[in-house]
Amino acid sequence: MHELSIAQAILDVASHHARGRRVAKVEVRVGHLRQVVPDSLDFAFSLLTPDTALEGCRLEITPVPAVGRCRACGAESPLECFPLSCLRCGGFDVHVLAGEELLVDALELEEEPLTNERVGHGSHV
Ligand SMILES: [Zn+2]
């Protein structure tokens with residue numbers, strides 16, 4: 001279950017940014033090509049967070065569709081499944097533009113007032 005290691009990585013990034021503050025919500029962006037099952041990730045997260053700053057924290061998962069550009073014809077296509085191929089010419093030499101990301105996008109920290117802290121351009125997990 002690779003969701004468990006991903007959940008651990010998200011927990012590490014979020015704890016680092018929270019610097020001891022309690023975290024109410026973590027927003028993550030997960031590319032389609034990471035093949036993460038949101039329910040499994042949510043479950044793995046709930047197993048890891050007790051007794052941490054993220055106990056009871058909500059995990060908001062935003063899926064990112066995959067897009068690729070064909071090196072043969074230059075067309076951009078959505079990438080639905082493996083093997084990745086160009087919709088226009090059927091070629092397999094596709095450069096992935098989006099869909100491989102796994103980012104902690106934002107944290108909502110339990111403070112007065114509640115703040116929503118952006119994590120720069122997102123932190124790669
Ligand atoms: Zn093509």
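Filter the stretch 35-65 down to the residues that are part of a strand (DSSP E or B) and among the charged types (D, E, K, R) and list them by number. Break it down into steps so the answer makes sense when it comes.
Applying the first criterion (part of a strand (DSSP E or B)) to the stretch 35-65 yields 58-64.
The answer is Arg58, Glu60.
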Testing Glu110 on (1) loosely packed, with under 12 Cβ neighbours inside 10 Å; (2) over 18 Å from Gln8 (Cα atoms); (3) at pLDDT below 95; (4) of a type outside the set (Ser, Thr, Tyr), one condition comes back false. Which one is that? (1)
Report yes if Val28 is part of a strand (DSSP E or B) and touching a strand residue (DSSP E or B) at 6+ places or on another chain (Cβ under 6 Å), otherwise no. yes
Report yes if Gly68 is farther than 21 Å from Ala106 by Cα, free of Cβ contacts under 8 Å to residues at least 60 places away in the same chain and in a strand (DSSP E or B), otherwise no. yes
Among (1) in a loop (DSSP other than H, G, I, E, B); (2) more than 16 Å from the ligand (Cβ to nearest atom); (3) surrounded by 13 or more Cβ atoms within 10 Å (Cβ to Cβ), Cys81 falls short only on (3)
Of all residues in the stretch 53-78 being among the small types (Gly, Ala, Ser) and within 16 Å of the ligand (Cβ to nearest atom), the one that is nearest to Ala98 (Cα to Cα): Ala66
From Gly56, Gly20, Gly74, Gly68, residue being more than 18 Å from Val119 (Cα to Cα) and at pLDDT below 95: Gly56
List the pairs whose first member sits in the stretch 87-101 and is without any contact (Cβ under 8 Å) to a residue 60 or more places away in the chain and basic (Lys, Arg), whose second member is assigned to a strand (DSSP E or B) and near the ligand (Cβ under 8 Å from one of its atoms), and whose Cβ atoms are under 7 Å apart, counting only residues at least 6 apart or on separate chains? Arg88/Cys70; Arg88/Ser77
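The values are calculated or read from the model by the stated rules, or taken from the named source; none is laboratory data. Remember, predicted model here, so these are calculated numbers, not experimental data. Positions of Cβ are generated from backbone atoms using ideal geometry, with glycine treated the same way; all protein chains shown enter the neighbour counts.
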